[in-house]
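Taken together, the values in this text are just the output of simple stated rules run on the coordinates, not laboratory data. Worth saying up front: this structure is predicted, and the values here are computed from it rather than measured. Neighbour counts are summed over all protein chains in view; Cβ atoms, including those assigned to glycine, are modelled from backbone coordinates with ideal geometry.
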Amino acid sequence: MIEIKKNPNGDTRTAPKGITFEQFQEANDMHIDSVGEVMWELAKLVDKTGELHDCTKKSQERMFYRDFVNTQENGADFVNGEWYKLHVKVERHHLLSNCPDDVNLIDVLEMIVDCVCAGLARSGDIRDLEINSEILDRAVKNTAKLIKGMIEVVE
């Protein structure tokens, strides 16, 4: 839990009249430190998400390979295969196939990184990224809720 001290002195809408320059500086320093702490926590979440990316490609590697080969050799529909259905159900970043209710901007970032890395490594091209505004709006709201849950405001 990140503790943030309540201090209205750095904003014209909340600061009382007559605060000193030192009080103003203190409020700004506190705000900068608070944002830095939250950004650090978010960075750790992004790092953990990267470590766990596509975990079903390893946890269900034989199923993945079976469906991969079945698609190449027998013309099976990969997207309707057992592994892919599991993959998009378990992995949070497949936002167009199975967007979680609590989607957040970390999921969006993982989707973007996944598409760019896969495209460049596999074909040398990056396909246009598609994500609808409803998903992005929900991701912003859920990220704000996630951040709020990290913070405790103290007097």
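Express the Stokes-Einstein translational diffusion coefficient of the chain in µm² s⁻¹, to the nearest whole number, given a Kirkwood radius over alpha-carbon pairs, 37 °C and a viscosity of 0.692 mPa s.
Rounded, D is 174 µm²/s.
Measuring from label point to label point, each 7 Å out along Cα→Cβ, what is the VAL46 to VAL113 span in nm?
0.7 nm
Net charge near GLY10, counting Lys/Arg +1 and Asp/Glu -1 over other residues with Cβ under 13 Å of its Cβ?
That works out to -2.
Test of understanding: in a Gaussian network model of the chain with alpha carbons linked when under 10 Å, which of ASP77, ASP47, ASP107 would top the mean-square fluctuation ranking?
ASP77
Can you tell me which of ASN104, ASN28, ASN74 moves the most in a GNM of the chain? Springs connect C-alpha atoms under 10 Å apart.
ASN74
Could you list which residues have their amide H under 5 Å from that of ILE4, counting only those 5 or more apart in sequence or on another chain, with H placed in the peptide plane?
For ILE4, the qualifying residues are GLU152, VAL153, VAL154.
Which links in LYS48/LYS141; LYS89/LYS148; LYS6/LYS89 stretch past 30 Å when you go from one Cα to the other?
With Cα atoms farther than 30 Å apart: LYS6/LYS89.
Using helices alone, I'd like the mean residue ellipticity at 222 nm for the chain: each DSSP H run of four-plus residues gives -39500 (n - 2.57), total over residue count, nearest 500.
It lands at -20500 deg cm²/dmol.
Pick from ASP33, ASP128, ASP54 the residue whose mean-square fluctuation is largest in a GNM of the chain, springs joining Cα atoms under 10 Å.
Its mean-square fluctuation being the largest, the pick is ASP128.
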